[in-house]
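The values are calculated or read from the model by the stated rules, or taken from the named source; none is laboratory data. Note that the structure is a prediction, hence the values are computed from the model and not measured. Every residue, glycine among them, receives a Cβ derived from its backbone with ideal geometry; neighbour counts consider all protein chains shown. These accessible areas exclude ligands, DNA and RNA; they are computed on the full protein's heavy atoms, side chains included. Shrake-Rupley method; radii C 1.70, N 1.55, O 1.52, S 1.80 Å.
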Amino acid sequence: CNAQESGFLLSKLKKAQTDTQKINTLNALTKIYLDINIDSAIIFNKQSVFVASNKANEKYSYKGIAYKAQLFRKKKNLDSALFIANKAFDIAKKYNNASDIANAYNVIGTVYEQLNKSDKAAENYLKALKLSTTIKDKKEMLSSYLHLGINYKKADDLTNALKNLLDAIKISEEIKDSSTIFTTCINLGTMYERTQDHQKAMECYQKALSI
């Protein structure tokens, strides 16, 4: 499925006539490879950031810079990741794009999470959740709920972990995000194991395996 989508996007990139078309397609390619081939993701991201570096394209530069922050985080260059994520946030604020602002809060939160600053991470996830709920952006709401659930789970705050993970599973099923359904089910399963609810844990694992 990824290979087919990638082939389609590469063909689309060759035919792209405007900078906006190129940026959008390069960002879509970066997203595909972000978790499966980081070197390919870096190549596409560099091209996106380069095209968007033209002053006339600045308002289209948010996603490329946000993906760059995520790539630096995955390479464990966390100080640079945080700097770049804040740069992305500034662009989102400049153009008053609420979805991008919510996304930036989530990206910043993930960097703080890896820096073992869980309170700062939760603070950003909560800001993202508040904003994304206001504008009814279910994609960013889902990201916030999932990150908060995992954050609370790590802190052994099982009540808040359960609440947020259940909200995440509800939205992921609504928007048919199978990858997040899998991740959330696994986290719910391990959490239920901690509370000795083995029946619910098994149900979550079976649901994850059925995806």
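Residue by residue, here is whether (1) assigned to a helix (DSSP H, G or I); (2) of a type in the set (D, E, K, R); (3) open to solvent by 50 Å² or more (accessible area, probe 1.4 Å) holds:
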| site | (1), (2), (3) |
| --- | --- |
| LYS130 | yes, yes, yes |
| LYS136 | no, yes, yes |
| ILE171 | yes, no, no |
| PHE182 | yes, no, yes |
Practice problem: Out of the residues in segment 41-63 that are of a type in the set (Ser, Thr, Tyr) and open to solvent by less than 30 Å² (accessible area, probe 1.4 Å), state the one that is nearest to ALA104 (Cα to Cα). | Solution: TYR62
Quiz item: What number of residues within segment 70-106 satisfy the criterion of being open to solvent by less than 40 Å² (accessible area, probe 1.4 Å) and among the acidic types (Asp, Glu)?
Solution: 1
Quiz item: Can you tell me which residue in segment 138-163 is least open to solvent (accessible area, probe 1.4 Å), limited to those that are closer than 21 Å to GLU173 by Cα and among the hydroxyl-bearing types (Ser, Thr, Tyr)?
Solution: SER144
Quiz item: When you go through (1) within 23 Å of VAL111 (Cβ to Cβ); (2) surrounded by fewer than 19 Cβ atoms within 10 Å (Cβ to Cβ) one by one for SER11, which number turns out not to apply?
Solution: (1)
Quiz item: Which residue pairs have Cβ atoms closer than 6 Å, lie 6 or more positions apart in sequence or on different chains, and pair a first residue in segment 1-25 that is closer than 19 Å to GLY64 by Cα and basic (Lys, Arg) with a second residue that is modelled with pLDDT of 90 or more and not in a helix (DSSP H, G or I)?
Solution: LYS22/ALA16
Self-check item: Selected residue (only one of PHE50, PHE83 is closer than 15 Å to THR30 by Cβ and modelled with pLDDT of 95 or more)
Solution: PHE50
Self-check item: Residue count, segment 184-206 (criterion: part of a helix (DSSP H, G or I) and either surrounded by 14 or more Cβ atoms within 10 Å (Cβ to Cβ) or on the phi > 0 side of the Ramachandran plot (or both))
Solution: 14
Quiz item: Is it true that TYR145 is more than 27 Å from LEU82 (Cβ to Cβ) and either in a loop (DSSP other than H, G, I, E, B) or modelled with pLDDT of 95 or more (or both)?
Solution: no
Exercise. Mind telling me which of the residues SER132, SER178 ends up being out of contact with any Asp or Glu (no Cβ under 6 Å at 6 or more places or on another chain), within 30 Å of ASN97 (Cβ to Cβ) and hydroxyl-bearing (Ser, Thr, Tyr)?
Key: SER178
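Residue-wise test of (1) out of contact with any Gly (no Cβ under 9 Å at 6 or more places or on another chain); (2) under 22 Å from ILE65 (Cα atoms); (3) among the hydroxyl-bearing types (Ser, Thr, Tyr).
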site	(1), (2), (3)
ILE91	yes, yes, no
SER99	yes, yes, yes
THR110	yes, yes, yes
GLU113	yes, yes, no
ALA128	no, yes, no
MET141	yes, yes, no
TYR152	yes, no, yes
ASP157	yes, no, no
Quiz item: Just to be sure, is GLU123 open to solvent by 40 Å² or more (accessible area, probe 1.4 Å) and among the charged types (D, E, K, R)?
Solution: yes
Exercise. Answer with yes or no whether ASN103 is touching a Lys or Arg at 6+ places or on another chain (Cβ under 7 Å), assigned to a helix (DSSP H, G or I) and at pLDDT 95 or above.
Key: no
Quiz item: Here are some conditions: (1) open to solvent by 30 Å² or more (accessible area, probe 1.4 Å); (2) closer than 23 Å to LEU142 by Cβ. ALA66 meets all but one. Which one does it not meet?
Solution: (1)
